[in-house]
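J.: One structure is given below, represented as structure tokens, and several questions about it will come after.
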């Protein structure tokens with residue numbers, strides 16, 4: 001069988017994935033330089049940003065004072081999936097994250113579609129995050145110098161502007177830092193993570209000082225439907241915790257540190273988000289918070305009757321959102337690197353600079369491509385599509401845990417999902433529930449996106465797949481025929497790469 005012939009299920013074993021992670025196909029390995037603290041800060045850096053600083057007002061618009069319930073519901077979904085990511089991240093510590101897990105359990109076609117969806121979670125979401133950065137940059141400039149950037153240069157079309165220049169600038173700055181080296185990027189992310197946590201704690205202190213219980217009534221003006229829709233919007237605030245697993249090849253002791261970092265990040269972020277949401281709707285009514293850009297600065301300004309406090313919050317948001325751009329762009333480049341190793345995307349994405357041990361060309365391509373939607377697409381257009389893509393990926397990760405437990409019970413696991421198999425099954429169920437809350441229009445957009453991905457795989461990925469080419473060579477050389485060739489391809493690839 002040739003790669004262009006009708007393909008059978010192609011699964012790359014976990015052993016092969018781990019063997020390949022030792023060095024890329026050009027002979028230049030990534031450098032293991034991240035410890036547990038840096039990894040936790042990297043995870044917080046990837047999560048805390050636009051979702052809470054900008055998206056909070058959208059969640060309040062859907063759920064009203066019950067925004068706290070929406071955040072808890074979104075957090076529960078993340079917790080179940082975080083358990084699955086923790087197990088898989090420790091068992092298969094490679095850069096490919098959910099793409100690699102799908103390849104090891106569900107086959108190449110599913111893995112490609114997972115990687116395709118990750119373009120939404122990492123690529124498109126970094127564009128959305130960059131859009132939110134411009135809003136708070138204007139708020140900061142207004143507080144410090146009393147002037148803001150012209151709307152035409154700080155907002156995309158459809159939101160009162162022509163091109164969002166700040167969004168492009170922050171993406172290029174993140175790319176510049178990433179190509180310098182992972183050690184420098186990790187240090188910057190750690191510093192920014194500590195700063196933005198401090199700013200959110202300050203917001204909670206100010207918000208609770210003006211807390212009024214009457215602002216929480218009626219609790220759920222749009223009943224369960226509003227809470228569900230709010231949870232789907234709130235879920236955007238948690239996107240990024242799985243970026244921790246994309247650092248699998250650059251973390252010291254990854255089998256231990258990756259699971260620990262995931263659970264610490266989810267715990268810290270969930271508590272912080274719930275406190276911020278409660279402080280926000282307690283300080284001002286839900287109607288005053290809903291659909292307001294830079295909502296946290298607005299609340300602090302109203303409570304303190306000054307623009308100084310809002311300026312501090314805006315500064316924290318500028319730093320926070322910049323760190324998300326940095327961490328999420330990092331995750332996108334590592335996913336593309338893994339896909340390039342497998343031949344499913346062009347080889348330029350796998351090349352690592354021997355000087356900096358970073359994928360330089362990959363990083364600049366990602367920055368250039370996704371700066372375009374950041375410059376011209378309004379934030380609310382991409383949030384729902386990003387959310388549904390991420391939820392679909394998380395459902396696949398939960399399914400991968402179920403499959404890998406059955407097919408590779410011998411694989412070393414430093415962390416195991418509790419309440420197995422109920423935990424992954426509940427994770428799939430919660431993901432499906434939040435997907436339902438995104439609405440029919442988003443379902444149709446996502447279906448079209450998946451169809452486009454299937455077409456790209458059929459026209460490029462399947463034909464250039466290295467695993468498929470290996471199987472074809474084995475089939476031609478092996479008298480035992482296609483069945484034996486398919487089984488032996490993975491073992492042969494492991495020997496070649498190891």
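The values are calculated or read from the model by the stated rules, or taken from the named source; none is laboratory data. Because the structure is a prediction, the values reported are computed rather than measured. Cβ: placed from backbone, ideal geometry, glycine included. Neighbour counts: every protein chain shown.
J.: Listed residues 207, 214, 226; which is out of contact with any helix residue (DSSP H, G or I) (no Cβ under 9 Å at 6 or more places or on another chain), surrounded by fewer than 24 Cβ atoms within 10 Å (Cβ to Cβ) and either over 17 Å from residue 97 (Cβ atoms) or touching a residue at least 24 places away in the same chain (Cβ under 8 Å) (or both)?
T.: Working: 207 fails: out of contact with any helix residue (DSSP H, G or I) (no Cβ under 9 Å at 6 or more places or on another chain); 226 fails: out of contact with any helix residue (DSSP H, G or I) (no Cβ under 9 Å at 6 or more places or on another chain).
When all the criteria are applied, what remains is 214.
Per-residue answers, yes or no, for (1) in contact with a strand residue (DSSP E or B) (Cβ under 6 Å, 6 or more places away or on another chain); (2) within 19 Å of residue 263 (Cβ to Cβ); (3) modelled with pLDDT of 90 or more; (4) assigned to a helix (DSSP H, G or I):
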{"site": "395", "(1), (2), (3), (4)": "no, no, yes, yes"}
{"site": "399", "(1), (2), (3), (4)": "no, no, yes, yes"}
{"site": "406", "(1), (2), (3), (4)": "no, no, yes, yes"}
{"site": "412", "(1), (2), (3), (4)": "no, yes, no, no"}
{"site": "418", "(1), (2), (3), (4)": "no, yes, no, no"}
{"site": "424", "(1), (2), (3), (4)": "no, yes, yes, yes"}
{"site": "429", "(1), (2), (3), (4)": "no, no, yes, yes"}
{"site": "432", "(1), (2), (3), (4)": "no, no, yes, yes"}
{"site": "436", "(1), (2), (3), (4)": "no, no, no, yes"}
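J.: Among the candidates 345, 319, which residue alone is within 30 Å of residue 93 (Cβ to Cβ) and in a loop (DSSP other than H, G, I, E, B)? Working first, answer last.
T.: Numbers: 319 fails: in a loop (DSSP other than H, G, I, E, B).
Of the residues listed, the single one that is within 30 Å of residue 93 (Cβ to Cβ) and in a loop (DSSP other than H, G, I, E, B) is 345.
J.: Here is a follow-up. Please find, among 336, 296, the residue that is at pLDDT 85 or above, touching a helix residue (DSSP H, G or I) at 6+ places or on another chain (Cβ under 9 Å) and either under 29 Å from residue 168 (Cβ atoms) or not in a helix (DSSP H, G or I) (or both). Show your work before the answer.
T.: Details: 296 fails: at pLDDT 85 or above.
Being at pLDDT 85 or above, touching a helix residue (DSSP H, G or I) at 6+ places or on another chain (Cβ under 9 Å) and either under 29 Å from residue 168 (Cβ atoms) or not in a helix (DSSP H, G or I) (or both) holds for just one of 336, 296, which is 336.
J.: Given the criterion under 27 Å from residue 300 (Cα atoms) and at pLDDT below 80, identify the matching residue among 167, 159. Walk me through it before giving the result.
T.: Values: 167 fails: at pLDDT below 80.
None of the others qualify; the one that does is 159.
Okay, residues lined up against (1) surrounded by fewer than 21 Cβ atoms within 10 Å (Cβ to Cβ); (2) touching a strand residue (DSSP E or B) at 6+ places or on another chain (Cβ under 9 Å); (3) farther than 26 Å from residue 164 by Cβ:
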{"site": "324", "(1), (2), (3)": "no, no, no"}
{"site": "329", "(1), (2), (3)": "no, no, no"}
{"site": "332", "(1), (2), (3)": "no, no, no"}
{"site": "343", "(1), (2), (3)": "no, no, yes"}
{"site": "347", "(1), (2), (3)": "yes, no, yes"}
{"site": "355", "(1), (2), (3)": "yes, no, yes"}
{"site": "362", "(1), (2), (3)": "no, no, no"}
{"site": "368", "(1), (2), (3)": "yes, no, no"}
